[in-house]
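S.K.: Attaching a single structure in structure tokens format; questions to follow.
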Amino acid sequence: MDNVELIMQFFKLCNLEPVEITSGVWQIEITTDMARELDGYGAKGGLFQFTFEKELAEKYGAELISPGSYRLDSFLKYIRKQATYSTACLPIHTFYEPSIRTKLLNKLAATNRNSRFYVIDYSYKYAPYFMLVVKLSYLAYEKREKIRKLIVDMVSGNIINYDIPEQLFKNGSPDTNCYKRKLSYKKAYERIQEFLTNDLAMEDPSWAKAAKEQIHQDRQRLEEYYKDSEDDIAKERRLQELMERTFPRVQILPTRAATLYIPKLEYKVMEANQTDRLLNIVYDPIANRLQNS
Amino acid sequence: MILDSLEITVPILRSTQTLFADDNLEEEFLPPIELPHFNVEFSLTGFKKIINEIRKRNFDSWEWFVLAKKADCHSLTQNFGRLLCLEHLEERWKRFGVIPYPHQVKTVEKVIKELKGQAILADEVGLGKTIEAGMILKEYMLRGLVNRALILTPASLCWQWYQELREKFNIVSGIQRSEWDWEYSDILIASIDTAKRPPHRDIIKKIPYDMLIIDEAHKLKNSKTANWQLINQMQKKYCLMLTATPIQNDLKELFNLISLLKPGQLGSYRSFKAKFVADKRTPKNPDQLRELLSQVLIRNRRGEGTVEFTERHVQPIIVELSSEERQVYNQISSFIKSIGWKANHTNILPYVTLQREVCSSFYAAGLTLQKMCQKYGENANPKLVELLQLTSSLRTNSKCDVLEKLLRRINDKVVVFTEYKASQEYIRYRLERAGFSTLGFDGSLSRGKKEWIKHLFQKSGQILVSTESGGEGLNLQFCNHVVNYDLPWNPMRLEQRIGRVHRLGQTKDVHIYNLITRGTIEEHIMYLLHQKINMFEMVLGELESILISLKLDRSFEGLLTEIFLRNDDEKEIQKKLDELGERIIQSREEIQKSPWEQIYG
């Protein structure tokens with residue numbers, strides 16, 4: 001999503017509709033409340049003209065919304081304060097059930113060639129997943145950040161290590177027909193911690209190695225300076241300061257979370273063999289996994 | 001425009017203002033997990049915040065969630081590849097006429113990328129060290145690396161720093177007034193002399209600052225002083241020291257300064273002395289020393305592709321008083337001399353003001369005399385009443401006559417500066433009567449009105465008559481003629497007047513016209529500033545550093561007041577002014593003849 005889309009979506013969600021007064025220059029009336037949120041307590045509402053192009057900003061005196069600009073930053077700050085927690089649901093009709101059924105029967109047939117399988121009945125139930133968005137800050141002499149989202153199955157406790165497109169989800173949660181959550185949020189966070197730590201341990205540590213080398217040099221410098229001094233307290237303080245400031249670390253800050261409801265399909269399948277058998281099979285369309293219930 | 005017809009319902013959004021409280025909470029982390037090369041720290045605060053929202057059943061819509069997540073991605077800090085502050089401040093700078101010069105941008109980049117936020121900014125005067133420091137602070141703030149900063153400066157510069165940060169960098173700071181301010185202001189400006197005294201000193205030592213900026217850092221040259229001890233004991237992540245003269249007398253000063261910033265950069269003092277000191281003013285191994293210094297010190301010089309200022313042309317215009325005016329001037333001056341210095345200190349101020357006003361305009365002096373007479377009522381000194389009568393009987397004003405002629409000759413945009421509002425009103429009245437179109441600018445105007453008048457002056461104005469207080473923070477690079485209708489007794493204020501016009505961004509040579517009334521105090525001041533110390537030819541900011549290095553025991557104004565009021569004899573005044581001028585010249589030479597340039601690199 002680029003800046004234009006982001007800002008326009010923001011106005012749309014605020015039920016505001018910018019008017020394009022001339023090609024590329026937009027105008028909107030913002031309330032005093034919003035103006036205060038953007039520019040501080042002294043700001044007043046009124047007509048606000050903006051553009052995403054530098055030339056147009058200079059020509060018409062409209063406010064420029066571009067990467068790094070004050071105005072984009074103020075909008076971003078405002079938007080980021082919203083939606084710490086949300087719920088969403090992946091509607092069942094996202095999946096084409098007949099093809100899932102075929103896939104299921106084929107899979108069963110492949111595992112047991114002596115039997116024949118018939119679907120007697122099928123239903124679906126929504127399973128809760130906890131999605132946590134975290135900001136990873138890589139800190140040493142410099143700082144770099146990245147965003148990751150992690151999804152925990154709140155029934156099985158497994159971490160889902162693949163992306164589900166956000167646009168497929170619909171707002172809200174299903175009223176009924178849900179699996180009961182078996183995992184506490186605290187436990188879910190612990191699973192995430194475990195998963196992320198393992199993941200980070202596999203990452204390229206060259207940034208941390210470089211920082212440690214630099215720290216070693218800075219330490220030597222301090223040792224040299226305090227060589228003739230008896231002020232051990234000052235030396236310790238300086239060393240501690242150095243470590244606090246530069247020791248390589250990754251800080252993980254949860255920024256927002258959502259409970260996602262994803263349907264699981266439950267099939268009653270008759271296995272026709274010398275002795276007939278009724279199987280209860282749960283199919284997870286996200287993991288593409290069959291499971292005996 | 002068309003929006004009146006739209007019915008707008010705005011959903012209730014979370015206020016950034018109310019959530020600031022949460023943001024300011026100290027981030028709480030779980031015990032770090034140690035990996036072979038780095039630690040991993042998981043935040044508890046962020047998770048608790050989410051759980052609170054779940055408990056309160058504060059569910060936001062999925063659309064907002066997706067948008068907020070995108071905004072998170074847009075706000076990520078990356079490595080210092082490009083400076084964020086340049087784009088962030090572009091519009092603001094356009095509004096305030098700030099132009100970041102290439103040497104400034106280069107300095108900021110070097111401090112952030114190579115020196116890791118610890119540097120001595122030692123640019124020559126007038127090259128914009130404050131702008132560089134402001135950019136560095138803003139850059140770190142935008143990247144979320146600095147939340148708490150302290151700016152230590154001489155008391156006289158606190159307000160200037162406050163304004164610069166607010167106007168040029170959109171950084172809201174506080175000026176330290178009480179001991180409570182240390183802990184409650186995120187960005188605080190304070191006097192270094194206050195900071196070093198108890199109880200402030202003990203409070204400051206406990207606060208972990210993300211960034212410490214020290215202006216006029218040459219005051220930290222002696223490691224035995226309270227100033228040095230304080231800075232040495234402070235907790236600071238990043239530190240900037242601003243000084244045009246990192247060493248003044250002794251190489252040890254340099255060692256002390258750098259040891260505050262990066263202890264060990266020059267080794268221990270013993271090894272520094274052995275390696276780099278031939279005698280206290282002569283460095284040994286200058287190449288090696290320069291190399292070490294370049295890792296902590298940046299010095300930009302004029303004429304190295306930095307800033308090229310246009311020239312200043314100064315023209316003193318001598319005004320001859322009429323016999324009536326001369327009589328009034330002499331009588332008022334001798335009255336003040338007879339009364340003024342005998343009065344105790346609390347009462348002397350009105351007389352000093354009167355003496356200065358009479359140099360500016362008889363109208364301003366008349367108004368003050370009137371106020372003095374009204375204040376004392378029937379007990380008023382009969383001489384005061386007589387002087388008031390004399391002043392109000394004046395029907396001519398030679399200075400204004402000369403001003404009118406001068407403005408006709410210039411025939412361009414002109415800024416006329418005066419010290420007094422009364423003089424300003426009188427000048428405007430006279431000029432309007434003579435057919436000039438004038439605009440008035442003074443400290444009582446609101447910010448909006450000031451902007452409007454500046455805009456009018458730029459677009460269609462002819463003459464702007466401004467008082468000094470009105471001119472503060474005003475940028476008038478589009479005009480290149482300045483008339484000093486009267487001369488302030490403080491040369492820094494004169495420098496500030498000229499600085500409104502002769503600043504970065506001025507493309508033409510600047511013409512300065514000083515109206516000097518013959519045989520008055522103005523003539524003495526002009527002699528001192530123009531003939532003796534040649535102040536108008538000094539480079540921007542040079543005068544300030546000279547006055548600081550002079551270490552006067554009182555203000556420059558106070559010094560002049562004493563000379564003028566204590567001495568009756570003109571020759572005696574001249575002698576005293578010569579002595580003062582000599583001190584200034586000597587100080588300037590010392591600054592210019594710095595033997596240290598070879599080691600700055």
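The values are calculated or read from the model by the stated rules, or taken from the named source; none is laboratory data. In this text the structure is predicted, and so the values were computed from the model without any measurement. We place every Cβ from the backbone using ideal geometry, glycine too, and count neighbours over all the protein chains shown.
S.K.: How many residues does the stretch A:256-269 contain that are buried (at least 20 other Cβ atoms within 10 Å of the Cβ) and within 14 Å of chain B (Cβ to nearest Cβ)?
M.R.: Matching residues across the stretch A:256-269 total 6.
Table: residues versus (1) touching a residue at least 40 places away in the same chain (Cβ under 8 Å); (2) touching a strand residue (DSSP E or B) at 6+ places or on another chain (Cβ under 7 Å).
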site: B:Lys454; (1), (2): no, no
site: B:Gln458; (1), (2): no, no
site: B:Asn475; (1), (2): yes, no
site: B:Met492; (1), (2): yes, no
site: B:His502; (1), (2): yes, yes
site: B:Leu515; (1), (2): yes, yes
site: B:Glu522; (1), (2): yes, yes
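S.K.: Here is a further query. Going by what's in this entry, would A:Thr275 be described as part of a strand (DSSP E or B), in the same structural domain as A:Ser123 (by TED's automatic domain parsing) and not acidic (Asp, Glu)? Spell out the reasoning first.
M.R.: Details: part of a strand (DSSP E or B): no; in the same structural domain as A:Ser123 (by TED's automatic domain parsing): yes; not acidic (Asp, Glu): yes.
No.
S.K.: Among the residues of the stretch A:33-53, count how many are among the acidic types (Asp, Glu) and within 9 Å of another protein chain (Cβ to nearest Cβ).
M.R.: Going through the stretch A:33-53 one residue at a time, the tally reaches 2.
S.K.: Looking at A:Arg181, A:Arg191, which is the one that is in a loop (DSSP other than H, G, I, E, B) and closer than 19 Å to A:Thr259 by Cβ?
M.R.: A:Arg181
S.K.: If we only count helices (runs of 4 or more DSSP H) wholly inside the stretch B:171-229, which ones have 1 or more residues that are surrounded by 18 or more Cβ atoms within 10 Å (Cβ to Cβ), touching a helix residue (DSSP H, G or I) at 6+ places or on another chain (Cβ under 7 Å) and not hydrophobic (A, V, I, L, M, F, W, C)?
M.R.: Ranges flagged: B:200-206.
S.K.: Let me ask you something else. Give me a count of the residues in the stretch B:88-104 that are within 14 Å of chain A (Cβ to nearest Cβ) and over 18 Å from the mean Cα position of the chain (by Cα).
M.R.: The qualifying residues number 7.
S.K.: Just checking, how many residues over the stretch A:221-236 are part of a helix (DSSP H, G or I) and either within 15 Å of A:Tyr138 (Cβ to Cβ) or more than 8 Å from chain B (Cβ to nearest Cβ) (or both)?
M.R.: Residues in the stretch A:221-236 being part of a helix (DSSP H, G or I) and either within 15 Å of A:Tyr138 (Cβ to Cβ) or more than 8 Å from chain B (Cβ to nearest Cβ) (or both): 4 in total.
S.K.: Restricting attention to the stretch B:81-106, which residues are farther than 18 Å from A:Glu63 by Cβ and surrounded by fewer than 17 Cβ atoms within 10 Å (Cβ to Cβ)?
M.R.: Those that are farther than 18 Å from A:Glu63 by Cβ and surrounded by fewer than 17 Cβ atoms within 10 Å (Cβ to Cβ): B:Gly81, B:Arg82, B:Gly97, B:Ile99, B:Pro102, B:Val105, B:Lys106.
S.K.: Continuing with the same structure: What number of residues within the stretch A:25-48 satisfy the criterion of being assigned to a loop (DSSP other than H, G, I, E, B) and in contact with a helix residue (DSSP H, G or I) (Cβ under 9 Å, 6 or more places away or on another chain)?
M.R.: Here the count works out to 6.
S.K.: Let me ask you something else. Hey, can you tell me all the residues within the stretch A:104-136 that are more than 15 Å from the chain's Cα centre (by Cα) and within 14 Å of another protein chain (Cβ to nearest Cβ)?
M.R.: Correct list: A:Pro128 only.
S.K.: Ok, one more. Restricting to the stretch A:70-98, name every residue that is farther than 30 Å from A:Met34 by Cα and either surrounded by 19 or more Cβ atoms within 10 Å (Cβ to Cβ) or within 15 Å of the chain's Cα centre (by Cα) (or both). Steps first, answer last, please.
M.R.: Of the stretch A:70-98, the ones farther than 30 Å from A:Met34 by Cα are A:89-98.
Result: A:Cys89, A:Leu90.
S.K.: Sticking with this structure for a sec: Contact list please: Cβ distance under 7 Å, first residue in the stretch A:98-110 and at pLDDT 90 or above, second residue loosely packed, with under 14 Cβ neighbours inside 10 Å and not aromatic (Phe, Trp, Tyr), pairs at least six apart or on different chains.
M.R.: none
S.K.: Using beta carbons and a limit of 6 Å, which pairs, at least six apart or on different chains, have the first residue in the stretch B:254-283 and facing chain A (nearest Cβ under 7 Å) and the second one of a type in the set (Ser, Thr, Tyr)?
M.R.: Matching pairs, first to second residue: B:Pro263/A:Tyr225; B:Gly264/A:Tyr225; B:Ser268/A:Tyr225.
S.K.: Return the pairs, sorted by first residue and then second, in which the second residue is among the small types (Gly, Ala, Ser) and part of a loop (DSSP other than H, G, I, E, B), the first residue lies in the stretch A:199-215 and is more than 9 Å from every other protein chain (Cβ to nearest Cβ), the beta carbons are less than 9 Å apart, and the residues are 6+ apart or on different chains.
M.R.: From the stretch A:199-215, the pairs are A:Ala210/A:Ala140; A:Ile215/A:Ala140.
S.K.: Identify, please: which residue in the stretch A:12-32 is more than 10 Å from chain B (Cβ to nearest Cβ) and either in contact with a strand residue (DSSP E or B) (Cβ under 7 Å, 6 or more places away or on another chain) or closer than 14 Å to A:Arg71 by Cβ (or both) and is, among those, surrounded by the fewest Cβ atoms within 10 Å (Cβ to Cβ)? Explain how you work it out, then say what you get.
M.R.: Within the stretch A:12-32, the subset more than 10 Å from chain B (Cβ to nearest Cβ) is A:20, A:22-26, A:32.
Filter again for either in contact with a strand residue (DSSP E or B) (Cβ under 7 Å, 6 or more places away or on another chain) or closer than 14 Å to A:Arg71 by Cβ (or both), leaving A:20, A:24-26.
Details: A:Glu20: 10, A:Gly24: 15, A:Val25: 21, A:Trp26: 23.
By that ranking, first place goes to A:Glu20.
S.K.: Looking only at the stretch A:59-98, which residues are within 8 Å of chain B (Cβ to nearest Cβ) and polar (S, T, N, Q)?
M.R.: Of everything in the stretch A:59-98, those that are within 8 Å of chain B (Cβ to nearest Cβ) and polar (S, T, N, Q) turn out to be A:Ser66, A:Ser69, A:Gln82, A:Thr84, A:Ser86, A:Thr87.
S.K.: Kindly establish whether B:Leu13 is modelled with pLDDT of 55 or more and more than 44 Å from the chain's Cα centre (by Cα).
M.R.: Here the answer is no, as B:Leu13 does not meet what is asked.
S.K.: Can you run down the residue pairs with Cβ atoms below 8 Å, 6 or more apart or on separate chains, where the first is in the stretch A:157-169 and free of Cβ contacts under 8 Å to residues at least 40 places away in the same chain and the partner is buried (at least 16 other Cβ atoms within 10 Å of the Cβ) and among the polar types (S, T, N, Q)?
M.R.: Cβ pairs passing all conditions: none.
S.K.: Counting just the residues of the stretch B:51-85 that are in contact (Cβ under 8 Å) with a residue 40 or more places away in the chain and assigned to a helix (DSSP H, G or I), which one comes out nearest to the other protein chains (Cβ to nearest Cβ)?
M.R.: B:Leu84
S.K.: So which of B:Leu157, B:Leu137, B:Leu150 is at pLDDT 90 or above and assigned to a helix (DSSP H, G or I)?
M.R.: One residue alone meets the criteria, B:Leu137.
S.K.: A:Lys146 fails exactly one of the following numbered conditions: (1) surrounded by 18 or more Cβ atoms within 10 Å (Cβ to Cβ); (2) within 14 Å of chain B (Cβ to nearest Cβ); (3) free of Cβ contacts under 8 Å to residues at least 60 places away in the same chain. What is the number of that condition?
M.R.: (1)
S.K.: For the list (1) aliphatic (A, V, I, L, M); (2) touching a Ser or Thr at 6+ places or on another chain (Cβ under 9 Å); (3) part of a loop (DSSP other than H, G, I, E, B), I need the number of the one condition that A:Ala287 fails.
M.R.: (2)
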